[in-house]
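First the structure, which I've put down as structure tokens, then a few questions once you've had a look.
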Amino acid sequence: MENDVIKLRKLEPRDFNDVLEYMSDPITMTYFVEGIYNEERVNKFLNPDKEQEHFGIILKKENKVIGHIDLHDWFMKDTYEIGWMLNSNYFNQGYGFMAAKLVLDYAFNKLKAHRVIATCQPENIASKRICEKLGMRLEGLFKKCIYNQRDDNWWDELFFAILKDEYYEN
């Protein structure tokens with residue numbers, strides 16, 4: 001999957017340094033309960049025990065992994081969840097939206113998805129904006145549904161979704 005600016009491909013062990021750069025960055029990891037990753041955790045992330053698809057977001061002009069985007073089955077038939085993480089040095093430049101658009105195209109055209117969902121914290125304005133720009137509709141606010149042991153606090157989460165028919169109408 002690619003456009004003129006980015007390409008997506010499965011992350012590999014050779015991507016270690018780029019992935020460590022953003023997953024060890026406190027700004028990048030602000031909205032992730034897992035907290036900052038060290039070298040051991042990045043190695044495990046790049047070599048998971050179970051089959052997981054982490055698509056690296058590669059900025060073509062730099063040939064650099066600037067983040068990743070995931071697409072995985074959700075618990076309903078033909079329903080998938082999409083999620084992304086971007087190196088903070090590349091925030092607010094449109095790369096997250098570009099990657100999410102490529103993955104939505106893949107989900108609806110290749111996987112024949114019926115529905116794709118995404119979640120984010122209400123404070124995560126950039127991810128919320130990506131969801132809205134993709135044409136996803138806000139379906140709800142889950143109050144204090146995610147426990148963050150880093151700050152011993154419960155986080156709210158916004159729930160967005162888009163149906164195949166809605167996607168094609170956009």
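Quick one: E2 ticks every box in (1) charged (D, E, K, R); (2) touching a residue at least 40 places away in the same chain (Cβ under 8 Å); (3) within 24 Å of G135 (Cα to Cα); (4) out of contact with any Leu (no Cβ under 9 Å at 6 or more places or on another chain) bar one, so which box is it?
Here E2 clears every test but (4).
Can you run down the residue pairs with Cβ atoms below 6 Å, 6 or more apart or on separate chains, where the first is in region 144-160 and on the phi < 0 side of the Ramachandran plot and the partner is basic (K, R) and loosely packed, with under 14 Cβ neighbours inside 10 Å?
From residues that are on the phi < 0 side of the Ramachandran plot, the pairs are W154/K144; D156/K143.
So is G67 buried (at least 17 other Cβ atoms within 10 Å of the Cβ), within 16 Å of R14 (Cα to Cα), at pLDDT 95 or above and not aliphatic (A, V, I, L, M) or not?
Details: buried (at least 17 other Cβ atoms within 10 Å of the Cβ): yes; within 16 Å of R14 (Cα to Cα): yes; at pLDDT 95 or above: yes; not aliphatic (A, V, I, L, M): yes.
Yes, satisfied.
Tell me which of these D73 doesn't satisfy, since it passes every other one: (1) surrounded by fewer than 13 Cβ atoms within 10 Å (Cβ to Cβ); (2) at pLDDT below 95; (3) over 30 Å from K144 (Cβ atoms).
Tallying (1) surrounded by fewer than 13 Cβ atoms within 10 Å (Cβ to Cβ); (2) at pLDDT below 95; (3) over 30 Å from K144 (Cβ atoms), D73 fails exactly one: (3).
Which condition number in (1) in a strand (DSSP E or B); (2) closer than 15 Å to G135 by Cα is the one that W84 fails?
Tallying (1) in a strand (DSSP E or B); (2) closer than 15 Å to G135 by Cα, W84 fails exactly one: (2).
When you check A107 against the structure, is it assigned to a loop (DSSP other than H, G, I, E, B), under 21 Å from H72 (Cα atoms) and either modelled with pLDDT under 95 or of a type outside the set (V, I, T) (or both), yes or no? Before you say what the answer is, go through the steps one by one.
Working: assigned to a loop (DSSP other than H, G, I, E, B): no; under 21 Å from H72 (Cα atoms): yes; either modelled with pLDDT under 95 or of a type outside the set (V, I, T) (or both): yes.
For A107, the condition - assigned to a loop (DSSP other than H, G, I, E, B), under 21 Å from H72 (Cα atoms) and either modelled with pLDDT under 95 or of a type outside the set (V, I, T) (or both) - is not met.
Return the only residue of G96, G135 being in contact with a Gly (Cβ under 8 Å, 6 or more places away or on another chain) and either surrounded by 12 or more Cβ atoms within 10 Å (Cβ to Cβ) or among the acidic types (D, E) (or both). Write out each step before concluding.
Details: G135 fails: in contact with a Gly (Cβ under 8 Å, 6 or more places away or on another chain).
On inspection, the qualifying residue turns out to be G96.
The values are calculated or read from the model by the stated rules, or taken from the named source; none is laboratory data. Predicted model, so just to flag it, every value in this text is computed and none were measured. When we count neighbours, we look across all protein chains shown, and the Cβ atoms used for this are built from the backbone with ideal geometry, even at glycine.
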